[in-house]
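Structure, as structure tokens:
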Amino acid sequence: MHSRRLFLKNSALAMFGVGAAPGWLARTVYAQQAPQRKKILIAIFQRGAVDGLNMVIPHAEPAYYQLRPTIAIPRPDGTQTAAIDLDGRFGLHPSLRGLKRLWDERQLAIIEAVGSPDPTRSHFDAQDYMESGTPGLKATPDGWLNRALTREAHPAPLRAVSLSPDVPRSLRGSNEVIAVGNINDFQMKDTEAAAAFASMYGGTADRILNGTARETFEAIRIMQSIQKRPYTPASGAKYPNGRLGQSLRQIALLIKADVGLEVAFADVGGWDTHVNETGPQPHTGQLANLLRDFGDALGAFSLDMGDRMEDVTLVTMSEFGRTVKENGDRGTDHGHANVMFALGGDVRGGKVYGEWPGLGREQLYEGRDLNVTTDFRTVLGELVSKHMGNTQIASVFPGFSGARSSGLLQT
Amino acid sequence: MRTVGSVAAVALLLGPAFAGGWKIKPIKASANPPRYAAFSRLLPKDERFGHAIEKLTFGARPGDLDEARQMGLEKWLDRELHPERVAENPALGPKLAELESLQMSAREMYLHYPPPQMIAAVARGRANLPEDPELRLVVSRLADRYLQKQDSQAAAGADGQAIGNPNNANDDADLAPRIRLSDILTVEQMETLRSGRPEDKKRLLASIAPEKRLDFVWALRPEQRRQLFTVAPVALRRELMLSVNPQGVVASDLTEAKLLRAIYSNRQLEELLVDFWFNHFNVFLNKGGDRYLTPAYERDAIRPHVFGKFYDLLVATAESPAMLFYLDNWQSVAPTAVGPNPNRNKRGLNENYGRELLELHTLGVDGGYTQKDVIEVARCFTGWTIANPRKGGAFEYNDKVHDKGQKVVLGHVIAAGGGMDDGLEALRILADHPSTAYFISLQLARRFVADDPPPSLVNRMALTFGKTGGDLRAVMQTMLASPEFWSQGAYRAKIKTPFEMVVSAMRATNADVESAFALGNELQKLGEPLYRKAEPTGYSSANAEWVSTAALLERMNFAVALAHNRIPGVVAENADWRTVGSPDFQRK
């Protein structure tokens with residue numbers, strides 16, 4: 001760690017020439033000598049509404065098998081094509097095999113029948129509500145993950161990062177956020193222009209632009225120092241090539257580089273499986289492929305992070321669940337409640353949280369979907385307050401008066 | 001800066017004195033709290049020309065300042081306020097004519113640029129091929145491709161494309177091509193595709209034989225495809241897009257037209273106002289049916305009214321299928337009503353439109369309404385719906401699901417049995433409300449003057465709004481006749497939005513924009529993808545919204561790319577990154 005910080009300092013000073021280093025730059029470089037290790041929250045959004053009932057299989061429910069004659073994952077029997085039993089009631093999709101180790105090590109917890117109180121089955125609205133953290137209210141200008149950050153006088157420029165081309169709804173707001181499809185894109189290739197802009201903006205009397213540009217060049221400098229170094233994941237961790245794997249690889253890199261990351265966001269799509277959710281056999285096909293990438297990415301991240309997982313909690317979400325009954329196209333349609341994963345050192349894993357409402361006809365929401373028994377804000381709120389230590393939960397989830405804890409985290 | 005208070009000049013601009021008698025009393029500038037002192041210091045007379053151009057256009061072209069000086073300020077302002085009297089730039093028409101969807105109805109767009117759902121339906125034998133022979137070919141090829149994709153997906157690995165992400169309109173995800181790229185291109189050509197300059201890529205595209213183009217485009221990865229689209233001439237690019245993602249053509253036509261008009265139109269204030277009002281009454285292009293409903297929304301509901309009466313604008317947006325879809329009112333039914341399909345239609349009252357109508361469109365969040373008013377307003381609009389909402393359908397009033405009871409909106413009783421007129425009556429109550437006059441004036445002043453405009457100005461504008469029955473041209477006139485507009489407080493007080501910055505760069509450098517497709521992509525990088533603000537607030541004009549660490553980097557990178565002619569479709573010979581990327585250029 002020490003050598004990296006020295007490297008940062010030297011490269012920063014070299015960028016401007018030692019004598020010419022502006023005061024603010026010297027300050028920030030030296031300030032980094034004693035970084036505070038902050039807790040980190042990573043939010044993963046599965047866009048398109050993943051079929052939670054085939055991600056975590058309620059294999060003790062006869063209704064699951066009755067309503068899904070062709071796409072149900074078989075009851076656990078130890079084979080590669082069946083669910084992997086967790087607790088006698090639920091099992092992982094066989095593509096999520098890589099996560100069983102994390103379950104056994106009690107790093108991974110599962111929250112069942114979780115979702116939004118809003119009834120919408122529109123992807124757009126449901127994602128919007130989950131990301132703004134205010135179901136039913138459309139005009140909320142910012143996102144829950146941005147509000148989860150506390151106000152600081154001198155925030156680290158890379159405290160909030162999204163691995164996406166645009167700042168996602170979850171992270172929009174008054175705290176600075178950097179969104180990059182790939183962290184290598186965050187740079188100015190033209191070094192002459194970079195130097196000229198640095199002095200132009202450093203010298204302007206325009207206070208807004210001057211102040212922000214200072215942070216811009218600091219962020220560029222930090223990114224440069226990271227971009228230059230080859231990254232080898234620890235413990236032989238292998239990130240899959242899909243989008244989520246590559247996003248998590250870069251998040252791991254940022255965490256290990258101690259850039260002051262506090263929250264990170266990544267999303268992955270393809271879950272809207274109306275048609276051919278499974279192949280001819282239930283454990284194959286679109287969903288199986290997506291889940292393999294998903295599980296392998298989470299598994300690789302956890303392995304790569306090693307002990308640093310103590311500071312990290314990763315949570316996954318998707319806008320709503322899918323119909324319990326399969327449709328005529330070997331797929332499922334838009335439903336209601338879903339499943340979330342929480343992974344990390346603070347998590348009391350190896351347990352399925354949430355009240356299971358059952359799949360009997362009279363137990364279903366509107367006679368067709370899994371009922372919501374846990375508000376998603378209960379889970380996210382607990383992570384914000386207990387993991388991140390931001391107790392101003394009423395401003396992170398305004399108007400939410402539901403349960404504040406599900407016992408998910410160690411305190 | 002030295003200030004010269006030219007009271008006489010301002011008095012001239014102010015025009016006739018305002019009569020009282022309305023609820024809002026105008027305040028003299030001197031009565032503003034001390035933090036507005038800069039709005040009492042007038043700009044030197046000579047600086048007002050440049051100031052007017054910065055504030056009321058998308059930025060000066062070379063020569064614009066001299067022209068304004070010759071014309072005189074009053075005549076110049078009058079021209080901007082009466083775009084119908086201004087001859088349009090002859091360069092604009094031919095550029096817009098290439099974007100064929102612009103003149104179509106939403107329904108025609110749906111038929112000419114079908115959505116993936118329609119293609120899937122054809123592929124699965126649940127819908128017929130279109131009659132039009134050309135379109136028939138396009139759809140049958142896409143349906144073929146759809147089936148091939150379904151087959152290959154079972155075997156192929158996950159591609160990780162963000163399908164289902166509302167921000168990603170292009171569902172043209174990866175698919176193992178029938179013909180591999182290496183079978184079509186030489187090694188050198190592959191290299192050009194990977195890292196060539198735009199002009200080399202353009203040549204590469206031109207060298208592909210027409211009969212091979214389709215295979216070529218399908219063999220590309222989505223990212224390569226998007227890059228190649230940026231270098232193609234407009235007509236060819238539209239043809240190629242039509243063969244992989246027809247729906248995307250509607251979106252790109254709309255985006256490009258907005259950029260082209262802003263860059264080339266001689267009716268600059270009108271274009272600024274269309275952008276302002278679109279954001280005020282925001283809809284989101286990528287939400288379901290709005291992919292086809294948005295172009296007509298801007299064209300038919302927003303544009304004709306920006307210098308008209310606020311009530312007419314309000315009604316046009318309320319009745320527009322785009323807004324009905326975006327804020328879900330099309331699904332809103334009286335709690336007691338039963339739809340044709342009881343399982344799907346038991347949603348009941350949907351308050352989303354009612355809430356945003358009060359909070360964002362008219363009264364403002366502090367405008368003095370209650371949750372009860374939201375519900376009452378929502379009840380007025382039950383039955384305002386859309387025929388075929390996802391297929392470019394039109395407004396329809398369905399009396400069967402309308403709430404027939406009496407409503408009370410902001411203390412006004414709307415008698416039972418009013419039918420569709422309940423909604424119109426609610427709009428009238430809202431348009432006539434003093435809070436609306438104030439809120440609309442405030443929003444205009446925030447956009448055209450400064451983030452925190454002085455109350456004296458806003459009140460004066462609100463008074464005009466009230467006296468003229470919401471005449472938006474008169475409100476703008478009042479703003480332009482106010483000393484606060486011509487003050488140090490307003491001078492360069494705003495950070496340009498990315499859209500304004502990009503367009504002003506084109507204008508300042510006299511750029512030749514052959515295609516604005518790449519500029520649309522640049523705006524996405526800069527944080528303002530056009531027509532894609534998901535929240536009903538629309539894009540904010542507040543400075544804080546547009547100044548962030550990442551955004552500044554993108555602005556600087558944009559300046560460098562422009563100066564090095566690396567933005568396809570744009571030739572800006574005089575562009576200098578030192579100018580376009582400078583702090584000064586970010587302000588207006």
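The values are calculated or read from the model by the stated rules, or taken from the named source; none is laboratory data. Keep in mind it's a predicted model, so treat the numbers as computed, not measured. Here the Cβ is made from the backbone with ideal geometry for all residues, glycine too, and neighbour counts use every protein chain on show. Quick note on the areas: whole protein, heavy atoms, side chains included, nothing else; ligands and nucleic acids left out. Shrake-Rupley method; radii C 1.70, N 1.55, O 1.52, S 1.80 Å.
General observations
- Tally, over the stretch A:272-288, of residues that are in contact (Cβ under 8 Å) with a residue 60 or more places away in the chain and surrounded by fewer than 22 Cβ atoms within 10 Å (Cβ to Cβ): 2
- Elements of the type helices (runs of 4 or more DSSP H) sitting completely within the stretch B:240-321 and holding at least 1 residues that are more than 30 Å from residue A:120 (Cβ to Cβ) and hydroxyl-bearing (Ser, Thr, Tyr): these cover B:246-264, B:310-318.
- For the stretch A:43-71, a residue qualifies if it is open to solvent by less than 10 Å² (accessible area, probe 1.4 Å) and assigned to a loop (DSSP other than H, G, I, E, B), and the qualifying residues are A:47, A:48, A:49, A:50, A:51, A:58, A:68, A:71.
Every residue, every condition in (1) touching a Cys at 6+ places or on another chain (Cβ under 6 Å); (2) open to solvent by less than 20 Å² (accessible area, probe 1.4 Å), yes or no:
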residue	(1), (2)
B:311	no, no
B:384	no, yes
B:388	no, no
B:393	no, yes
B:401	no, yes
B:408	no, no
B:412	no, no
B:416	no, no
B:422	yes, yes
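- Put simply, of B:431, B:474, B:490, B:437 the only residue that is touching a Lys or Arg at 6+ places or on another chain (Cβ under 9 Å) and free of Cβ contacts under 8 Å to residues at least 60 places away in the same chain is B:474.
- Of note, residue A:291 satisfies the criterion of being open to solvent by less than 40 Å² (accessible area, probe 1.4 Å), modelled with pLDDT of 95 or more, closer than 23 Å to residue A:163 by Cβ and within 13 Å of chain B (Cβ to nearest Cβ).
- Enumerated helices (runs of 4 or more DSSP H) restricted to the stretch A:126-243, each holding at least 2 residues that are within 12 Å of another protein chain (Cβ to nearest Cβ): A:191-203, A:207-228
- Whichever residue in the stretch A:261-283 is charged (D, E, K, R) and over 17 Å from residue A:332 (Cβ atoms) and, among such residues, is nearest to the other protein chains (Cβ to nearest Cβ): A:267
- Some residue of the stretch A:298-314 being farther than 18 Å from residue A:234 by Cβ, in contact (Cβ under 8 Å) with a residue 60 or more places away in the chain and away from every other protein chain (no Cβ under 14 Å): yes
- Residue list for the stretch A:113-125, restricted to those being within 10 Å of chain B (Cβ to nearest Cβ) and open to solvent by 10 Å² or more (accessible area, probe 1.4 Å): A:119, A:120, A:121, A:122, A:123, A:124
- Reported count of residues in the stretch B:481-506, each being under 24 Å from the mean Cα position of the chain (by Cα), closer than 23 Å to residue B:450 by Cα and not acidic (Asp, Glu), is 13.
- Evaluated against (1) under 23 Å from residue B:317 (Cα atoms); (2) in a helix (DSSP H, G or I); (3) free of Cβ contacts under 8 Å to residues at least 40 places away in the same chain, residue B:458 falls short on exactly one condition, (1).
Residues are listed down the side, and each one gets a yes or a no for (1) in contact (Cβ under 8 Å) with a residue 40 or more places away in the chain; (2) crowded, with 17+ Cβ neighbours inside 10 Å:
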| position | (1), (2) |
| --- | --- |
| A:194 | no, yes |
| A:199 | no, no |
| A:202 | yes, no |
| A:208 | no, no |
| A:214 | yes, yes |
| A:219 | yes, yes |
| A:224 | yes, yes |
| A:234 | yes, no |
| A:245 | yes, yes |
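- Residues that are open to solvent by 60 Å² or more (accessible area, probe 1.4 Å) and without any contact (Cβ under 8 Å) to a residue 60 or more places away in the chain were ranked within the stretch B:79-118; the one that is nearest to residue B:130 (Cα to Cα) is B:103.
- Residues that are within 9 Å of chain A (Cβ to nearest Cβ), open to solvent by 10 Å² or more (accessible area, probe 1.4 Å), closer than 14 Å to residue B:526 by Cβ and in a helix (DSSP H, G or I) within the stretch B:546-585 comprise B:550, B:551, B:557, listed in sequence order.
- Exactly one residue among A:360, A:344, A:389 is under 23 Å from residue A:174 (Cα atoms) and not basic (Lys, Arg), and that residue is A:389.
- Filtered residues of the stretch B:367-404 (kept if of a type in the set (S, T, N, Q) and closer than 16 Å to residue B:427 by Cα): B:382
- Matching residues, the stretch B:26-41, being in contact with a helix residue (DSSP H, G or I) (Cβ under 9 Å, 6 or more places away or on another chain) and closer than 15 Å to residue B:492 by Cβ: B:39
- Residue in the stretch A:362-371 that is of a type in the set (S, T, N, Q) and open to solvent by 10 Å² or more (accessible area, probe 1.4 Å) present: yes
- Residue in the stretch A:244-260 that is farthest from residue B:117 (Cα to Cα), counting only those that are touching a Phe, Trp or Tyr at 6+ places or on another chain (Cβ under 7 Å) and within 14 Å of chain B (Cβ to nearest Cβ): A:249
- Residue in the stretch A:101-108 that is part of a helix (DSSP H, G or I), modelled with pLDDT of 95 or more, within 10 Å of chain B (Cβ to nearest Cβ) and open to solvent by less than 30 Å² (accessible area, probe 1.4 Å) present: no
- Close contacts from the stretch B:46-60, counting a first residue that is closer than 16 Å to residue B:585 by Cα and open to solvent by less than 40 Å² (accessible area, probe 1.4 Å) and a second that is of a type in the set (A, V, I, L, M) and outside any helix (DSSP H, G or I), with Cβ to Cβ under 9 Å and a gap of 6+ residues or different chains, come to B:50/B:60; B:51/B:43; B:51/B:490; B:53/B:60; B:55/B:449; B:55/B:490.
- So residue B:208, is it farther than 22 Å from residue A:48 by Cα, modelled with pLDDT under 85 and surrounded by fewer than 20 Cβ atoms within 10 Å (Cβ to Cβ): no
- Only one entry in B:215, B:200, B:275 is outside the structural domain of residue B:53 (by TED's automatic domain parsing), surrounded by fewer than 23 Cβ atoms within 10 Å (Cβ to Cβ) and either in contact with a Gly (Cβ under 7 Å, 6 or more places away or on another chain) or over 26 Å from residue B:115 (Cβ atoms) (or both), namely B:200.
- Residue list for the stretch B:473-494, filter: part of a loop (DSSP other than H, G, I, E, B), open to solvent by less than 10 Å² (accessible area, probe 1.4 Å) and not hydrophobic (A, V, I, L, M, F, W, C): B:482, B:494
- Residue check for residue A:325: open to solvent by 10 Å² or more (accessible area, probe 1.4 Å) and within 14 Å of another protein chain (Cβ to nearest Cβ): yes
- Single condition residue B:522 does not satisfy, out of (1) at the interface with chain A (Cβ under 8 Å from one of its Cβ atoms); (2) buried (at least 20 other Cβ atoms within 10 Å of the Cβ): (1)
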